[in-house]
């Protein structure tokens, strides 16, 4: 039998040469969801309703019904999520090309800056500085913004103030640049959205959503364990649920890291 | 003079919890007009439309003129105690456990003579103020108390059986994120509740009044998201056996009827935050409260819902909200029947539009949260089952009683 790359891969996982890092938060009713003005539609948090637990409703088995938004917990944003991507082909999670569900990642560590400033904004010069150290960001790579935000308690994680959320994220220019000058496949964050906490005030508002989805690219948010990833070389497995015409999906995000 | 109530000591956790017993329960269908009056805190008797004489007990014909046009209407509530009797060893288990128990014959200013439970400060020959009360079995009984306030009057042992006074009781306010919840906490504190547990959902989300609430003495903040099954059951597992009065302040108000609202997600939210929240609370806290209906001075005593008066007839401007409130009203009747074996009463507090953010565009009169909260506590102190607070609620009650169809049409215009 020929030795295929996949057999090598299986052996590498078995031997620990390839480590698997789970980048996913537990889907729990307590996990913060995006907060919008109360008069507009809201994302439903995770709800777990027991069907039976070895009891009169099902003597031998335990199972639950769950309800949640497409954008609850660690989740994937498809291009159809934003008005800029609404007319693109294959723009929903059910028509998403499967080969896009596995892609390598560049991890930009801004944890020190975010620790100092909850309103930290990622800019083009910062990414250029990263490239000077680690090389140019290749096309069809994920760019993951490490802020260590996922290590906070939920209140500090959402960080809602009188004037809204204060969480780190990208500015408008860096998103345009990453999408159009670097051709990234998507952008991922540890915070509740791919965008900056105060991104309604940017031009265009919510630029990560605007540029990513307008070009048919993807978003990942509410990631954790980014501190366990190298700056380059991690492979991201992110396969959303195949929801009919779905705008996104909660999912298990795995990173494969070569030891 | 009434012995002032002493703050109960902490219960010996090894002591057996005494099971609730109930006073005799049966009433005729006609007598349930008395139940209606007692539930609302009114003193009403049958009155002859032909000759104007009040009569009691309920009957089919006027004993004075034999007319059959007997209607219940509010009666003067004065009276004089003709005689009193103290029961030392009653045959009935409920009264035996509470003996000695005093009853008396009261000559009503309205005419008839009535057997009534006597307040400790009301003696033979005294003039009294009569009321109809809902007893532990949910049935109307007559109660005679002094016409003027006496010291520690509300601490009277027999009166306390007829009421759900928060004094020395432990209260759970299920949602402290809202101004309504916070005002209920304040009113409960003023009424002498010993501990007030206050549920806070989504603690990661700040809310107005948070700092003041957290700083309040005697208030214990607990994590509670009533829309979530597990959160509600987890809290009940921790403190369910300590709750004497539960005030369901779940609140989710959104305007809009059926046709101009897109999609159903807002409606699902409304059902989750109100109906499902109530259901989770009932299933989680109801059983242990029912079991603790006779657990000493701070026994489980009442469950309070705050409902919109538009539960009775739909107000299309807030049409889906009204519908969910109607479902909650129906569920409250189920809960009332199921808590009755424990002697735990369900009081529904009905309001019109509140002076809060979600009724911003509704013209006055609107009910101030503070007035709602004090009315709620007054209802508990008087042992009500249906409390209509504010002019709008009272008006809707009267219009519904008079002609539900007219009310429906008028609200829909």
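The values are calculated or read from the model by the stated rules, or taken from the named source; none is laboratory data. None of these values were measured; they are calculated from a predicted model. Heads up, the Cβs are rebuilt from the backbone with ideal geometry, glycines too, and the neighbour counts pull from every protein chain shown.
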A careful count of residues in the range B:279-288 that are more than 12 Å from chain A (Cβ to nearest Cβ) and without any contact (Cβ under 8 Å) to a residue 60 or more places away in the chain gives 5
Residue hits (the range B:242-274; at pLDDT 95 or above and more than 14 Å from every other protein chain (Cβ to nearest Cβ)) are B:242, B:243, B:244, B:245, B:246, B:247, B:248, B:249, B:274
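Conditions tested, residue by residue: (1) modelled with pLDDT under 95; (2) assigned to a loop (DSSP other than H, G, I, E, B); (3) surrounded by fewer than 23 Cβ atoms within 10 Å (Cβ to Cβ); (4) not assigned by TED's automatic domain parsing to the domain that holds residue B:374.
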site: B:125; (1), (2), (3), (4): no, yes, yes, yes
site: B:129; (1), (2), (3), (4): no, no, yes, yes
site: B:132; (1), (2), (3), (4): no, no, no, yes
site: B:145; (1), (2), (3), (4): no, no, no, yes
site: B:188; (1), (2), (3), (4): no, no, no, no
site: B:193; (1), (2), (3), (4): no, yes, no, no
site: B:196; (1), (2), (3), (4): no, no, no, no
Selection over the range A:119-151 where residues are buried (at least 18 other Cβ atoms within 10 Å of the Cβ) and assigned to a loop (DSSP other than H, G, I, E, B) yields a count of 4
Residue B:31 fails exactly one of (1) without any contact (Cβ under 8 Å) to a residue 60 or more places away in the chain; (2) surrounded by fewer than 18 Cβ atoms within 10 Å (Cβ to Cβ); (3) under 23 Å from residue B:340 (Cβ atoms), namely (1)
Exception for residue B:238 within (1) in contact with a strand residue (DSSP E or B) (Cβ under 8 Å, 6 or more places away or on another chain); (2) without any contact (Cβ under 8 Å) to a residue 40 or more places away in the chain; (3) over 30 Å from residue A:53 (Cβ atoms); (4) away from every other protein chain (no Cβ under 12 Å) falls at (3)
Residue A:216 meets each of (1) closer than 21 Å to residue A:70 by Cβ; (2) free of Cβ contacts under 8 Å to residues at least 60 places away in the same chain; (3) part of a loop (DSSP other than H, G, I, E, B) with one exception, condition (2)
Within the range A:185-205, the count of residues that are in contact with a strand residue (DSSP E or B) (Cβ under 7 Å, 6 or more places away or on another chain) and without any contact (Cβ under 8 Å) to a residue 60 or more places away in the chain comes to 6
All-but-one check, residue A:160 against (1) free of Cβ contacts under 8 Å to residues at least 60 places away in the same chain; (2) within 14 Å of another protein chain (Cβ to nearest Cβ), failing number (1)
Within the range B:147-160, residues surrounded by 22 or more Cβ atoms within 10 Å (Cβ to Cβ) and either within 19 Å of residue B:374 (Cβ to Cβ) or within 17 Å of the chain's Cα centre (by Cα) (or both) come out as B:159
Within the range B:14-28, residues being under 24 Å from residue B:161 (Cα atoms) and surrounded by fewer than 17 Cβ atoms within 10 Å (Cβ to Cβ) number 9
Selection from the range B:169-181 of residues buried (at least 24 other Cβ atoms within 10 Å of the Cβ) and more than 18 Å from the chain's Cα centre (by Cα) yields B:175, B:176
Being within 30 Å of residue A:154 (Cβ to Cβ) and either more than 26 Å from the chain's Cα centre (by Cα) or at pLDDT 95 or above (or both) narrows A:13, A:20 down to just A:20
When the range A:163-193 is checked residue by residue, the ones that are within 14 Å of chain B (Cβ to nearest Cβ) and part of a strand (DSSP E or B) are A:164, A:165
For residue B:202, the lone unmet condition from (1) within 30 Å of residue B:74 (Cβ to Cβ); (2) in contact with a helix residue (DSSP H, G or I) (Cβ under 9 Å, 6 or more places away or on another chain) is (1)
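Condition check ((1) modelled with pLDDT of 95 or more; (2) assigned to a helix (DSSP H, G or I); (3) out of contact with any helix residue (DSSP H, G or I) (no Cβ under 8 Å at 6 or more places or on another chain)) across all residues:
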{"site": "B:19", "(1), (2), (3)": "no, no, no"}
{"site": "B:27", "(1), (2), (3)": "no, no, no"}
{"site": "B:46", "(1), (2), (3)": "yes, no, no"}
{"site": "B:59", "(1), (2), (3)": "no, no, yes"}
Residue hits (the range B:205-230; within 11 Å of chain A (Cβ to nearest Cβ), touching a strand residue (DSSP E or B) at 6+ places or on another chain (Cβ under 7 Å) and under 25 Å from residue B:284 (Cα atoms)) are B:205, B:223, B:228, B:229, B:230
Selection from the range B:372-396 of residues in contact with a strand residue (DSSP E or B) (Cβ under 7 Å, 6 or more places away or on another chain) and without any contact (Cβ under 8 Å) to a residue 60 or more places away in the chain yields B:375, B:389, B:390, B:394
Condition set in contact (Cβ under 8 Å) with a residue 60 or more places away in the chain and at negative phi, scope the range B:253-273, selection farthest from the chain's Cα centre (by Cα): answer is B:258
Exactly one of B:276, B:291 is farther than 24 Å from residue B:309 by Cα and in contact (Cβ under 8 Å) with a residue 40 or more places away in the chain, and that residue is B:291
Condition check for residue A:182: out of contact with any helix residue (DSSP H, G or I) (no Cβ under 8 Å at 6 or more places or on another chain) and in contact (Cβ under 8 Å) with a residue 12 or more places away in the chain
yes
